[in-house]
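One structure below.
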Amino acid sequence: MRDAWAVDLGRMPYRPAWDLQRKVGAAVLDGRIPDTVLLVEHTPVYTLGRAAHGQFTNLVWDRDHLAQEGIDVVEVDRGGDITYHGPGQLVGYPILHLSAYDNDLHRYLRNLEQALINALGGFHIAAMRVPPHTGVWVGDEKIAAIGVKASQSITQHGFALNVNPNLSHFTGIIPCGIRDKGVTSMAALLNEALTIEQVKSPVQSSLADVLQLSFTQKSSADLELLLTQV
C-alpha cells in the first residue's frame, strides 16, 4: 500500500478543477506531496478529448441550446471524445505515479474500471466492461466514463460515475462518439434518489483496494494551503 491523499472538492466548475489538477500533478511529480485523488461534482459541462479537438461532430445541441441549459464546452488534453459532467455525477481525478502500475496506462485504466465495477457491486449493480469501448457498462448503457492521460509518468483526468445526474443532458451529445449504446445512472437502475455523499466513501474504498493506496483525507482548503507552502 502507498500513502496517498483523498481530497473532496465539493462542487466546482470544470476549468478551476482542471487548473488544480495541473498544480497537483506538478507537486506530485516533484515529490512535494504524495499521490492524490481529487473527488468533485462539476457544474454542467461537455468536455472534448483529443479525439474530438476541432471537430464538433458529436456535439448535438447548438450554441443557443447550450446557453439555455447552462452547459459549458471545454476542449481538454485527455484521451477520448466528448463526454458530459454535471451535478449528480461523481468525478474522480487520480493523480498518481504510473510507475506503480508498470508505466502501463492501459493497465491503470483497467484498474479504474475494476474499482468502479467493484463499488457498483456493493449497490447490487452488475456492471461490466464492454470491449473495445472504455468505461463501465450495465448492459448496453454506460454508467461510468473514463478518460486519462499521463505526463512524465504522472496520471491526470480520470472517471465520471453517473450517480443521479440529469440524463437529458446526455442527449445533447453522442457520448464518447458511440452511437449504438445508451447512458444510465445508479439512481435510474435502482429506482432510488441516491446522493453523491452515499457513493463517495464506497468508491474511495474501492479505489484504495484496487490501486493499493492508503488514503489520508484532506480538505480542499488543506490542499490549497499545502500547495502554496511547498
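Treating cross-link reach as a plain straight distance, find the lysines whose alpha-carbon is under 30 Å from the alpha-carbon of K218, omitting any fewer than eight places away in the same chain.
By straight Cα distance, K218 reaches K23, K149, K200.
Got the relative contact order for region 40-206 handy, in percent, Cα pairs under 8 Å and 6 or more residues apart?
Worked out over region 40-206, it gives 27 percent.
Which angle between 0 and 90 degrees, to the nearest 10, do you get for helix 105-121 versus the longest principal axis of the chain when only C-alpha atoms count?
Approximately 70 degrees, to the nearest ten.
Between Y101, Y14, Y84, find the one with the highest GNM mean-square fluctuation for the chain; connect C-alpha pairs within less than 10 Å.
The residue that fluctuates most here is Y101.
Report, in deg cm²/dmol and to the nearest 500, the calculated mean residue ellipticity at 222 nm for the chain, where each DSSP H run with n ≥ 4 adds -39500 (n - 2.57) and the sum is divided by the residue count.
So the helix-based figure for the chain works out to -9500 deg cm²/dmol.
Let me know the volume per residue of the alpha-carbon convex hull for region 40-206, in Å³.
Roughly 108 Å³ of hull volume per residue.
So what's the net charge close to H157: Lys and Arg +1, Asp and Glu -1, counting the other residues with Cβ under 10 Å from its Cβ?
With Lys, Arg at +1 and Asp, Glu at -1, the net is +1.
Which of the lysines could a cross-linker span from K181 if the Cα-Cα distance has to be under 22 Å and same-chain partners fewer than 8 positions apart are dropped?
K142
Throughout, read-outs are computed from the coordinates displayed, never taken from laboratory work. Computed from a predicted structure; not experimentally measured. Neighbour counts are summed over all protein chains in view; Cβ atoms, including those assigned to glycine, are modelled from backbone coordinates with ideal geometry.
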